[in-house]
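To start, the structure under review is shown below, and the notes come after it.
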């Protein structure tokens, strides 16, 4: 029993690490540049499809990860270009890119693909701890990378672009360019998570990305309840979400209720969350 | 020096600016008055590049800027808005905002955002305004008057070639308004920056600048020259307001 619990805890932790990348991506798009981005859903699947193709082809893990990052960045840029250059509504842009990526993923990887015939560090259960260390390190690198970005001069401008675009223009900065950059970074992170998710499970499914945005948002809300600005809270939020879901699974409800529970959970959490005043965020920082 | 030649702009069939021409010299402090819809803000939008005119040309210091977009005029035009939230980023602190304003001159990098913070501004400008203790407070938590004066400092951190003040005191209390207007007047004089100020306050219009334009139906309807603009804002503004209030 004890072994089982510790194993579940480890899975919660590592799955949380994977989804923390999504949470950070959602933070970048929805909180920093203040762009509600539905591309998250598509780029998670796209990253997974790229990973499946690379691994089945016999490519190394790093190549799968790098190509997923690039693929996600491209998807985010596309959304950004549709929004800024073709003046389309942000929700529609994300929806379009996600819809288009569905076909691309299907063509690339197929509907359901098992990777188990190939060897990869990430799903050999003997190496669970090595794989765990790898995932933790990756989440840590992403966290410190984004933290550095947000505290840098570029980060200040990204925040200005989100909260006061007129000011960014007055500074002579390209609002369009920074928005595209923000979206491509956010979706690169999400696609990386998708890539890790597929490699961790050893399986790609075309429907595996459904609900990614809800998971990301819920993790973000949980994280902001811990600390209302960019911080380690976002990682914890992603892990707590996985823990909540592990409990749900332990309750042995029929899996068909999963998405309903996810949806209900986010409603409950938003009600529980203290209303965040952006000023207190700035002070907390 | 600013020169506009036959500027016209039409929005949805309505001609907002009609053949507007004017010249502003570097010593000029121009007051602009006019009813709503006269084209005052559109005139500022044209000068700052937010709006590109349908016809006409615009020169600043002899440089033709007619087709240069707003973003590329950032170093040339400093602008302050009526909305005190527009000049700065509310969620960032004063320190971060000033660091941002300092980024006007160069490309942003991955170095720490507040590293190249203009420290000299604290002693020279913020201390006399009692804002030096509030450096780490987000802009959104300041009063409208404080926010507007920091916005002014930000817009003029690197002296622009022309300064546009779009009803900057409309949302401020009399004390803050006087403070901001004195600040603006001193700055404009010290650095010899041609300044244009839109106002609905006849007292300000009469006493603050050396020229007064009345805008009507998209062109300068009348112009008055005020040879001596010897009065300081606190001299004309304060007593009148408080007398009216009986204070």
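Read-outs: derived from the displayed coordinates by stated rules, not from any lab. Remember, it's a predicted structure, so these values are computed and weren't measured experimentally. So basically every Cβ, Gly included, is an ideal-geometry build from the backbone, and we count neighbours across all protein chains shown.
What to note about this one:
- Residue exposure proxy: B:51, A:39, ordered by other Cβ atoms within 10 angstrom of their Cβ from fewest to most, comes out as B:51, A:39.
- Here the gap between residue B:234 and residue B:216, fully extended at 0.36 nm per residue and compared with their Cα-Cα distance, gives a gain of 3.5 nm.
- From the alpha carbon centroid of segment B:43-76 to that of segment A:177-194 is 34 Å.
- Here the calculated FRET efficiency for residue A:8 and residue B:36, from their Cβ-Cβ distance with R0 = 56 Å, stands at 0.25, rounded to the nearest 0.05.
- Here, segment B:87-159 has an Rg and a Dmax of 11.4, 33 Å when only alpha carbons are counted.
- Ordering B:150-156, A:96-102 by mean Cβ neighbour count within 10 Å, with the highest value first, yields B:150-156, A:96-102.
- Peptide packing for A:41-54, A:64-77, B:176-189 was compared via the average number of neighbouring C-beta atoms within 10 Å per residue; ordered from the highest value, the list is A:41-54, A:64-77, B:176-189.
- Note: relative contact order over chain B, using C-alpha pairs below 8 Å and six or more positions apart, is 28 percent.
- Equivalent ellipsoid dimensions for segment B:63-199 as semi-axes, Å, which come from the Cα gyration tensor, largest first: 21, 20, 14
- Inter-centroid distance (Cα atoms) of segment A:1-42 relative to segment B:98-144, Å: 35 Å
- 14 Å reach of a label modelled at residue B:59, 7 Å along Cα-to-Cβ, counting backbone N of segment B:132-165: none
- Annotation: the residues B:213, A:200, sorted from fewest to most other C-beta atoms within 10 Å of their own C-beta, follow the order A:200, B:213.
- The angle between the Cα long axis of helix A:175-201 and the longest principal axis of the Cα atoms of chain A comes to about 10 degrees, rounded to the nearest 10.
- Per-pair calculated FRET efficiency, R0 = 35 Å: residue B:110 and residue B:67 via Cβ, rounded to 0.05: 0.60
- The Rg/Rh ratio of segment A:2-284, with Rg taken over Cα atoms and Rh as the Kirkwood radius over Cα pairs, comes to 0.96.
- For residue A:259 and residue A:127, the difference between the fully extended length at 0.36 nm per residue and the C-alpha to C-alpha distance is 44.4 nm.
- For the segment A:157-169, counting C-beta atoms of other chains within 10 Å of every residue's C-beta and taking the mean gives 6.
- Label point 7 Å beyond Cα of residue B:26 along Cβ direction - residues of segment B:159-198 with amide nitrogen under 13 Å: B:160-162, B:189-195
- For the segment B:109-120, counting C-beta atoms of other chains within 10 Å of every residue's C-beta and taking the mean gives 3.
- Nearest 10 degrees, 0 to 90: helix A:233-250 Cα axis against chain A principal axis: 40 degrees
- Tail weight of P(r) past 18 Å, computed on alpha-carbon pairs of segment A:149-285, percent: 66 percent
- Binned Cα-Cα distances of segment A:1-99, short to long, each 5 Å bin given as a whole percent: 2, 12, 17, 19, 16, 13, 9, 6, 3, 1, 1, 0
- Annotation: segment B:153-208 has a Kirkwood hydrodynamic radius of 11.7 angstrom, from the mean reciprocal C-alpha pair distance.
- Full extension of the chain between residue A:114 and residue A:227 gives 36.8 nm of extra length, using 0.36 nm per residue less the Cα-Cα distance.
- Note on chain B: the C-alpha convex hull projects to 14.1 nm² when averaged across all orientations.
- Enclosed volume per residue, in Å³, of the convex hull spanned by Cα atoms of segment B:4-96: 139 Å³
- Average silhouette area of segment A:24-63, convex hull of alpha-carbon atoms, in square nanometres: 3.2 nm²
- Residue order, fewest to most beta carbons within 10 Å, for A:144, A:230, A:203: A:144, A:203, A:230
- Highest-first arrangement of A:107-115, A:206-214, where packing means the average Cβ count within 10 Å: A:206-214, A:107-115
- Take each residue in A:145-154, count the other chain C-beta atoms within 10 Å of its C-beta, and the mean is 4.
- The Kirkwood radius of the protein assembly as shown, taken over pairs of alpha-carbon atoms, gives through the Stokes-Einstein law at 25 °C and 0.890 mPa s a diffusion coefficient of 95 µm² s⁻¹.
- Per-residue ellipticity at 222 nm computed for chain B from its helices equals -8000 deg cm²/dmol, with DSSP H segments shorter than 4 residues left out and the rest contributing -39,500 (n - 2.57).
- In percent, rounded to a whole number, the relative contact order of segment B:87-159 is 52, using alpha-carbon pairs under 8 Å and six or more apart.
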